[in-house]
Amino acid sequence: PPEEGGDPVALFKARDVVAAIGRGFSPERAFKLFEDGVILSIIDITDYVKPSRNNLVRVRARLIGSGGKTRRIMEETTHTYISIYGDTVAIIGSEEDVRAAEEAVISIINGAPHAQVYRKLNEYARMRKLGGLRPMI
């Protein structure tokens, strides 16, 4: 049980940090979860495709992209950290940024063309800039 006067939210954040490290994030990136407004989201690829080895390899390759391009674009435009590990995609960032990254990840898992996803991400980044939202990470 948490100590009297301790921060119960810290327990949940610590759990998320451990989960993030277990999903392939460096401790440095996982520790961002201790900051206010930073959350972890984990997407199970097998919720969207049949869990055959071929499907998982293909989807992971689409999510990472040539030389890591797709993952890098998703991270840069949404100001998130993304880890593709095993059958999961984990995302660290502000709630709004994580939702935008989740949408992009799910679109790619479902087979949307990369160019279409990049357009939506660029539109999100543009709206984010106009809205004056500051990146959490």
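Assorted remarks:
- Gyration tensor verdict on the chain (Cα atoms; rounded if a/c is under 1.5, prolate if a/b is larger than b/c, oblate otherwise): oblate
- Helical contribution to [θ] at 222 nm, DSSP H n ≥ 4, -39,500 (n - 2.57), averaged over the chain, rounded to 500: -16500 deg cm²/dmol
- Spacing of the two label points (7 Å from each Cα toward its C-beta) at Arg72 and Arg99, in nm: 2.9
- Loop sites in region 2-54: GluC sites (Glu not before Pro), DSSP, at most 14 other Cβ within 10 Å: Glu3, Glu4, Glu35
- For the chain: relative contact order, % (alpha-carbon pairs under 8 angstrom, 6 or more apart): 25
- The angle separating the long axis of helix 69-78 from the principal Cα axis of greatest extent in the chain is about 50 degrees.
- Within the straight-line cut-off of under 23 Å between alpha carbons, the lysines reachable from Lys13 are Lys32, sequence neighbours fewer than 8 places apart in one chain being disregarded.
- Computed extension length for Leu56-Ala19: 11.2 nm, one decimal, from 0.36 nm per residue of separation with the Cα-Cα distance subtracted.
Any read-out appearing in this document is the output of simple, stated calculations on the displayed coordinates, not a laboratory observation. All values reported here derive from a predicted model rather than from experimental measurement. Ideal geometry is used to build each Cβ from the backbone, glycine not excepted, and the neighbour counts take in all protein chains shown.
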